[in-house]
1. Viscosity 1.306 mPa s, temperature 10 °C: what is the translational diffusion coefficient of the range 197-257 from Stokes-Einstein with a Kirkwood Rh over Cα pairs, rounded to a whole number of µm²/s?
2. Relative contact order for the chain: what is it in percent, counting Cα pairs under 8 Å that are at least 6 residues apart?
3. May I ask you to derive the relative contact order of the range 105-257, considering only C-alpha pairs under 8 Å and at least 6 residues apart, and to give it as an integer percent?
4. Quick one: if you stick a label point 7 Å off each Cα along the C-beta vector at residue 208 and residue 135, how many nm between them?
5. Compute log10 of I(q)/I(0) for the range 68-167 with the Debye formula, placing one identical point scatterer on every Cα and leaving out solvent, at q = 0.15, 0.21 Å⁻¹, to two decimals.
6. Sorted by average packing, counted as other Cβ atoms within 10 angstrom per residue and highest first, what order do 183-189, 38-44, 168-174 take?
7. Pulled fully out, how much extra length does the chain show between residue 144 and residue 160, if you take 0.36 nm times their separation in residues and subtract their Cα-Cα distance?
8. Using Cα pairs closer than 8 Å and at least 6 residues apart in sequence, work out the relative contact order for the range 1-154, in percent.
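Where a number appears in this text, it was derived from the coordinates with a stated rule and is not lab data. Nothing here was measured: the structure is a model prediction, and the numbers come from that model. Cβ: placed from backbone, ideal geometry, glycine included. Neighbour counts: every protein chain shown.
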Ligand code: PEP
């Protein structure tokens, strides 16, 4: 973490979890526990249907609400889809784009990720852009090249002045939901390489200011070590974000001066 140059952001990704009733119970439990963290921003990315309630429930807290996906068009004949503009109007601040589960199950490609990044920025949302390698790709030794490609493809055509709204999440696919966490060294190495790619694209000032999260089985036990790495500016957290106590512990690990 490096508060001097960039924001630390802890974002929960609820995926397809929690009903409206469970969302209300979660809010009641976590709000007094979490207080008002000073050194990090806290985000909860929740299922679309829970967004209006979540915005209302967390209005008086420091928790911003995010979505887990959006469409790349602003409107049109796309049955079942939701646009970035619709999310913005509900009070959403962040949107996860290119999560590996969407790449794996819903045909998300680097091309659609790029279009969605543009749509999110156009609507005034902050995209959390996910990149990450599979176990096979790591074993083949192509992680750095692949991540550089994914970052460049996602950011194609994004001007430098919009980069202060972009968050990158490094999420090795083999670590998501598996209980296998990248070591602090592995995570730090890739996050640092992402900053190098951004420096080459946009220069040192933009690279220094961009928030780069780690995601992949981050939990109450391993968060502090991961977050202590200078190029890891927060986390994207799945499983552990469903439990108020665990999520609070992770936020507290990030909320250090
Ligand atoms: C995620 O969904 O982005 C994620 C990192 O999940 P988990 O923390 O459960 O591995």
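1. Values: Rh = 12.4 Å.
Calculated translational D: 128 µm²/s.
2. Working: 517 pairs, mean separation 61.0, N = 257.
Contact order relative to length: 24 percent.
3. Numbers: 230 pairs, mean separation 31.7, N = 153.
Once divided by the residue count of the range 105-257, the mean separation gives 21 percent.
4. Reported label-point gap for residue 208 and residue 135 is 4.1 nm.
5. Reported log10 I(q)/I(0), two decimals: -0.59, -1.05.
6. Working: 183-189: 16.9, 38-44: 21.4, 168-174: 25.7.
Descending mean neighbour count gives 168-174, 38-44, 183-189.
7. Values: separation 16, 0.36 × 16 = 5.76 nm, distance 2.27 nm.
Result for the pair: 3.5 nm of gain on full extension.
8. Numbers: 228 pairs, mean separation 27.5, N = 154.
In percent, rounded to a whole number, it is 18.
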